[in-house]
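Trainee: Supplied in structure tokens, the structure appears directly below.
The values are calculated or read from the model by the stated rules, or taken from the named source; none is laboratory data. Since we're looking at a predicted model, the values are computed, not measured. Every residue, glycine among them, receives a Cβ derived from its backbone with ideal geometry; neighbour counts consider all protein chains shown. The protein model used for the area step is the full one, side chains on, heavy atoms only, and it has no ligands, DNA or RNA in it. Shrake-Rupley method; radii C 1.70, N 1.55, O 1.52, S 1.80 Å.
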Amino acid sequence: MTQSLSAEARTGRFASLVALVWLGGVAVDIQWGTLPPLVGVIAAQSGLSGAEIGWVFNSMMVGSAISVGLTARMGDIYGHRKVLITLSFLALLGCALAATGDGFWPLVAGRFLLGFAVTLPLSWGLLRPRATARQIRIVSLGLSFAMAIFSPIALVVGGFVVGLGLPWQSVFWVSFALYAVLLVLALVSSETPAASRYVGRLNWFASLGLGIWVTALLVGISEGPALGWTSPIVVGSFGVSAVTLTLWSIQQRRSQDPLMSFRNMDRRQAIIGYSGIFLISVVGVSIFLALPAMLQTPTSSGYGHGLSALDSTYVLLAIIPGSALGYLWTRWGLNRLGPKTVLIISGTASIGVFLGFAFANGPVWMSWVWVFGYALATLSCLTTGYSLVAAAGRQDNMAVTIGMQSIIQYVSGTIPTAIVLNVLVPGADGFVPKETFDGIFIAAALVVAVFVIIWTVFAPKHLTDRHAIDTESDPTKVLIASHS
């Protein structure tokens, strides 16, 4: 079987699977990034209240939280292609509904369907049984590079669409086109081999329970700043989350079919990989929320630059060249130095980057320099995290392994977002104090420092892959493949 899969990996179909993975990542960036710069336009043209616009944004996150555990597990058991095709159709329906619907509920329903269509874990599930250790590493590096590039591009796309005189809902047709291509790629792909699927039953409580406690937690965190942390909805959401999480954890310990099983996996490698993803979700908020707000602050404040909402996002385009250089550094570093050294060097450099945002942010061009540094150094930690997690997953649980990344990003990203939005409060002069922005960046530097210490102690020195098609039959090839 290994030889036949290796032959398939050299065909055009393997290239389509790689395209599925990368396109799934780009689609996520476009979905998440196009709407935030258009909040003012949406409010003016749709008549929606601030709370309603908040739910339009959050409905996508809720859909994703509910979907990940269920659809990823179904893919690992029944075949990733079947579930991927279904989710692609749901995504197309969601795009069309959000683009053509009128009013609050069509937008919420459309965004929910877009969030529910989490295709990236399933694409990885299709790729894993057909890829060598080296291919898995290259694809994970390429995915991180593609997502890093399209994160700032997505922020500009929304403003560009409105600048052309098109309705703001047109951004959903951009996502529609991406998912149409993704559907075609899924249709021409072959199903996951039966021998590479998980042998077990679908544990409904495990799958849906994960979605319930994560969703309740996200609702509480998202609504806390607006409704108050002691409001019945917020307290109730946290209560539901805590009770469900407790029951879910007990069930997972006792279950013979846990949703996330680390059997025959390198646990340390997987957990350290997740930590790199967690870090970016926490400190990235300072780049995508605090930095544009600081640049938009009027010049009369004494430190702001008075940029428009759209102009302030152009600074984030420095992520593109920074990510290109960071890709080369991370790829070379993983091959020659190993993940521990890459994480320590990149993390240490990131501390300097965030301190630069805090103490060397005078001219606008300095922000370009530090954003470039963020992409080069900090995103390298994310890329290394992706590589570690991708190499750790088994052939029969790859979708769930990758899907857990999404859960980590949703939860860890929402908490600092709520905190930052809570502290970006104008003072008596109408401006957010400069000390507030500096404090956000210093806090980010301290968080990175903590992770550098953790990586110094626990990060693996070598990237290993026990489950690639070139190592599964001969474990002694793992280290050879990891250094190729």
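Trainee: When the stretch 97-131 is examined, which residues are found to be of a type in the set (S, T, N, Q) and open to solvent by less than 20 Å² (accessible area, probe 1.4 Å)?
Mentor: Selection gives Thr119, Ser123.
Trainee: Please find, within the stretch 135-144, the residue that is farthest from Ala392 (Cα to Cα) out of those that are open to solvent by 10 Å² or more (accessible area, probe 1.4 Å) and touching a Leu at 6+ places or on another chain (Cβ under 9 Å).
Mentor: Across the stretch 135-144, the extreme among qualifying residues is Gln135.
Trainee: Quick one: count up the residues across the stretch 350-362 that are buried (at least 18 other Cβ atoms within 10 Å of the Cβ) and under 15 Å from Phe451 (Cβ atoms).
Mentor: 4
Trainee: Further question: Determine if the stretch 161-182 includes at least one residue that is farther than 28 Å from Ile320 by Cα and in contact with a helix residue (DSSP H, G or I) (Cβ under 6 Å, 6 or more places away or on another chain).
Mentor: no
Trainee: Okay, next question. Take Ile453 and decide whether it is in contact (Cβ under 8 Å) with a residue 40 or more places away in the chain and either buried (at least 20 other Cβ atoms within 10 Å of the Cβ) or assigned to a helix (DSSP H, G or I) (or both).
Mentor: No; evaluated as a whole, the condition is false for this residue.
Trainee: When the residues of the stretch 330-340 are narrowed to those that are assigned to a helix (DSSP H, G or I) and surrounded by 17 or more Cβ atoms within 10 Å (Cβ to Cβ), which ends up nearest to the chain's Cα centre (by Cα)?
Mentor: That would be Thr330.
Trainee: Step by step: first the residues of the stretch 170-213, then only those that are outside any helix (DSSP H, G or I) and in contact with a Ser or Thr (Cβ under 8 Å, 6 or more places away or on another chain), then the one that is nearest to Ala19 (Cα to Cα). Which residue is that?
Mentor: So the residue we want is Ser189.
Trainee: Hey, can you tell me all the residues within the stretch 211-261 that are free of Cβ contacts under 8 Å to residues at least 40 places away in the same chain, open to solvent by less than 50 Å² (accessible area, probe 1.4 Å) and of a type in the set (A, V, I, L, M, F, W, C)?
Mentor: The answer is Trp213, Ala216, Val234.
Trainee: Can you spot a residue in the stretch 294-313 that is under 24 Å from the mean Cα position of the chain (by Cα), more than 25 Å from Lys434 (Cβ to Cβ) and free of Cβ contacts under 8 Å to residues at least 40 places away in the same chain?
Mentor: no
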